[in-house]
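Working notes for the structure below.
The values are calculated or read from the model by the stated rules, or taken from the named source; none is laboratory data. Since the model is a prediction, treat every value here as computed from it, not as a measurement. Backbone-built Cβ (ideal geometry, glycine too); neighbour counts: all protein chains shown.
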Amino acid sequence: MCEHMESCEFYRARDNSKIRQLLKEAYCEGDLYEVCRRKKFEEDKGCIALAELGPNGFSMEDQKRIY
Ligand code: SF4
């Protein structure tokens, strides 16, 4: 379980689509939090990840890889 859920824009978003629920279960609440691309983005860039960036590295808007 990810320690950033309280502050994470992805996790706290009001959008409750099926894809977001599945990503939350697999990454935020599951074991994949260790390879979350939002966390990697923030470690690499030193700033908060883009709101649309999903933990799998794909945009939540158009499902294209953005990181
Ligand atoms: S999206 Fe990534 S950083 Fe945010 S709560 Fe989920 S696993 Fe943690």
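Data for the structure
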quantity: Residue in the stretch 26-67 that is farthest from the ligand (Cβ to nearest atom), counting only those that are of a type in the set (A, V, I, L, M) and out of contact with any Pro (no Cβ under 9 Å at 6 or more places or on another chain); calculated: Ile66
quantity: Options Asp15, Asp31; residue that is modelled with pLDDT of 95 or more and over 11 Å from the mean Cα position of the chain (by Cα); calculated: Asp31
quantity: Filter result (surrounded by 11 or more Cβ atoms within 10 Å (Cβ to Cβ) and not in a helix (DSSP H, G or I)) within the stretch 7-29; calculated: Cys8, Ala13, Glu29
